[in-house]
Amino acid sequence: MPGTARPITLYGEPVLHAPCATVTEFGDELSALIDDMFASMYAANGVGLAANQIGVDARVFVYDCADETDEHRIGHVVNPVLEPAGLARELDLDDEGCLSVPGEFAELGRPATATVTGVDKAGQPVTVTAGGMLGRCLQHEVDHLDGTVFVDRLPVKARRRILKAAGLGAHE
Ligand code: NI
């Protein structure tokens, strides 16, 4: 397994609370970053990881996650864009967690399926469509790259309770 696991940034660290920079250089450095992101995700037993979760300000995420058919899918997306869900889209209510808020989970409604478009590390177009855990993961990771952690989507009381339980301070 190439790559080196790096420490996971925690809720409250500024890099998690600002939009990440668009990737413009496609080369060895980007490949090495993606390798490190996979190594970091696996070391932390995660199913997805955004670059700012290892302190890097770049619009990239990786995933290794089951979709709605329990098929295990592994990949990365550079400069991802989440397609708008649309008003008719079914909402799925399920527990969600994050390596940057360790040990805590909360129920959060999200569209049941998601489509993300972007490019791969060679700059070639990619589209990922999924439901199930991967569908949730795709939305969660694009949120990260926009500076939003899942607890930011919870009612304020639930957010405070979870951050306190995780031993973390509020961002605001
Ligand atoms: Ni997360």
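The values are calculated or read from the model by the stated rules, or taken from the named source; none is laboratory data. Remember, it's a predicted structure, so these values are computed and weren't measured experimentally. As a convention, Cβ positions derive from the backbone with ideal geometry for all residues, glycine included, and neighbour counts pool all protein chains shown. Quick note on the areas: whole protein, heavy atoms, side chains included, nothing else; ligands and nucleic acids left out. Shrake-Rupley method; radii C 1.70, N 1.55, O 1.52, S 1.80 Å.
In table form, for the structure just shown:
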read-out: Any pair with Cβ under 9 angstrom, 6 or more apart, that starts in the stretch 149-166 at a residue that is free of Cβ contacts under 8 Å to residues at least 40 places away in the same chain and closer than 19 Å to PRO14 by Cα and ends at one that is open to solvent by 90 Å² or more (accessible area, probe 1.4 Å) and not hydrophobic (A, V, I, L, M, F, W, C); value: ARG159/ARG153
read-out: Qualifying position, being open to solvent by 10 Å² or more (accessible area, probe 1.4 Å) and outside any loop (DSSP other than H, G, I, E, B), among GLU68, GLU107; value: GLU107
read-out: Conditions (1) open to solvent by less than 10 Å² (accessible area, probe 1.4 Å); (2) of a type outside the set (A, V, I, L, M, F, W, C); (3) away from the ligand (no atom under 15 Å from the Cβ): number failed by THR115; value: (1)
read-out: Some residue of the stretch 130-148 being part of a loop (DSSP other than H, G, I, E, B), more than 16 Å from the ligand (Cβ to nearest atom) and open to solvent by 40 Å² or more (accessible area, probe 1.4 Å); value: no
read-out: Residue list for the stretch 16-34, restricted to those being open to solvent by 40 Å² or more (accessible area, probe 1.4 Å) and in a loop (DSSP other than H, G, I, E, B); value: ALA18, PRO19, ALA21, THR22, THR24, GLU25, PHE26
read-out: Failed item, numbered, when ASN79 is tested on (1) within 16 Å of the ligand (Cβ to nearest atom); (2) surrounded by 16 or more Cβ atoms within 10 Å (Cβ to Cβ); (3) at pLDDT 95 or above; value: (1)
read-out: Scan of the stretch 38-61 for residues that are outside any helix (DSSP H, G or I), open to solvent by less than 30 Å² (accessible area, probe 1.4 Å), within 12 Å of the ligand (Cβ to nearest atom) and of a type outside the set (Gly, Ala, Ser), ordered by number; value: LEU49, PHE61
read-out: Pick from the stretch 157-172, criterion out of contact with any helix residue (DSSP H, G or I) (no Cβ under 7 Å at 6 or more places or on another chain) and open to solvent by 70 Å² or more (accessible area, probe 1.4 Å), ranking: farthest from the ligand (Cβ to nearest atom); value: LYS157
read-out: Any hit, the stretch 86-98, residues being in contact (Cβ under 8 Å) with a residue 24 or more places away in the chain and of a type in the set (A, V, I, L, M); value: no
read-out: Test: TYR11 is buried (at least 19 other Cβ atoms within 10 Å of the Cβ), within 14 Å of the chain's Cα centre (by Cα) and more than 19 Å from LEU138 (Cβ to Cβ); value: yes
